[in-house]
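In what follows, a single structure is set out as structure tokens and then discussed.
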Amino acid sequence: MKINAMWKQYITEAILKAAIRTPSQFTLPPTTLRIALEQMCRVFPVNKEVQIRPIRLAGLNAEEIKPQSSSTQLIFHIHGGAFFLGGLNTHRALMTDIAARTQMQVIHVDYPLAPEHGFPDALDALYDVYQLLLDQDIQAKDIILSGDSCGANLALALCLRLKENQEDLPSGLILLSPFLDLTLTSESLRFNRKHDALLSIEALEAGIDYYLGNRVATDNPQISPLFDDLTGLPPTLVQVGSKEILLDDAKRFRDKAKTAGVKVEFKLYTGMWHNFHMFNAWFDQAKQALTDLSEFAHQLDQD
């Protein structure tokens, strides 16, 4: 029996709030939350149209996901999880969908997580992966740097580090449900608090504490890249749901980046919660987001 779209969304949000958002509001050990998240992500179907190959990159476990046809562009994706959750298992299904939709190769890695590894370990490790890709004769113009949630934070911070070092930048940036301001001053944190089915402020606060402790100020541009000089960034796609507590992180980035002369494509998806892209098997808005992502990536390829 086909479920009405409204009821399907209502039921899904209720399940997410009970299984993910509510537990994240309590002080549970990171390992417990990691196991719970991995178990939940098993429901996401892996796309069978692509090939998955385990690899090692700069000392990290990684996966290379390839469409059946040859591809010229490579998407280097950095997973989210508030700096202490997520990995290959949680994001594999989404990565296969992105590879199938774009017909581009996707690389994603298990970077060092907090609290075992605080700032700047994750960023340093991802920088090493990017340099290794270049050492393997992959040109920067053929790399699209992508990330979701805190992975978008790390993707943007990595791009800004490359710019500061006057190194070759990727051809584009893709920021999905980005978490860019660790000072937690975005207004949407409050007005969408009851509407975001997946992400809680408490989870962000725990992640920040694990990631930084008392060692680094949350307004440091390396931590909160929203506060950095965005001039010179490559074309950037930002996708966010209207119910996200991080909605204003995305909007503020859009406005500041455009002022800095960056070519920004901003997409808002009505009724969607944090990291809604992972639910593309069931929701039209999430399917549309992957279509929009693919169009953006192919435009970069043409340019």
Check your understanding: Does at least one position in segment 268-288 carry a residue that is charged (D, E, K, R) and surrounded by 17 or more Cβ atoms within 10 Å (Cβ to Cβ)?
Key -> no
Revision key, fill the gap. Here the qualifying pairs (Cβ atoms under 8 Å; residues six or more apart or on different chains; first in segment 108-120 and closer than 16 Å to LEU88 by Cα; second among the β-branched types (Val, Ile, Thr) and buried (at least 23 other Cβ atoms within 10 Å of the Cβ)) come out as HIS108/ILE65; HIS108/ILE78; VAL109/ILE78; TYR111/ILE78
Point to revise | Matching residues, segment 227-262, being small (Gly, Ala, Ser), more than 15 Å from the chain's Cα centre (by Cα) and either in a helix (DSSP H, G or I) or crowded, with 19+ Cβ neighbours inside 10 Å (or both) | key: ALA257
Review point. Of all residues in segment 47-75, which are more than 19 Å from GLN136 (Cβ to Cβ) and out of contact with any strand residue (DSSP E or B) (no Cβ under 8 Å at 6 or more places or on another chain)?
Key: ASN47, LYS48, SER69
Check your understanding: In segment 8-36, what residues are at pLDDT 85 or above and hydrophobic (A, V, I, L, M, F, W, C)?
Key -> ILE11, ALA14, ILE15, LEU16, ALA18, LEU33, ILE35, ALA36
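Can you pull out every residue in segment 203-226 that is buried (at least 18 other Cβ atoms within 10 Å of the Cβ) and either without any contact (Cβ under 8 Å) to a residue 40 or more places away in the chain or closer than 10 Å to LEU182 by Cβ (or both)?
First, the residues of segment 203-226 that are buried (at least 18 other Cβ atoms within 10 Å of the Cβ): 203-204, 206-208, 210-212, 223-226.
Passing the criteria: LEU204, GLY207, ILE208, TYR211, LEU212, ILE223, SER224, PRO225, LEU226.
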Check your understanding: Which of the following residues is hydroxyl-bearing (Ser, Thr, Tyr), part of a helix (DSSP H, G or I) and surrounded by fewer than 19 Cβ atoms within 10 Å (Cβ to Cβ): THR32, THR27, THR90?
Key -> THR32
Review point. Only one of these conditions is not met by ASP181: (1) in contact with a Ser or Thr (Cβ under 6 Å, 6 or more places away or on another chain); (2) in a helix (DSSP H, G or I); (3) not small (Gly, Ala, Ser). Which number is it?
Key: (2)
Review point. Restricting the search to segment 54-86, which residues are part of a strand (DSSP E or B), among the hydrophobic types (A, V, I, L, M, F, W, C) and touching a residue at least 60 places away in the same chain (Cβ under 8 Å)?
Key: LEU57, LEU60, ALA62, LEU74, ILE75, PHE76, ILE78
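The values are calculated or read from the model by the stated rules, or taken from the named source; none is laboratory data. Bear in mind that the values here come from a model prediction, so they are computed numbers and not experimental data. When we count neighbours, we look across all protein chains shown, and the Cβ atoms used for this are built from the backbone with ideal geometry, even at glycine.
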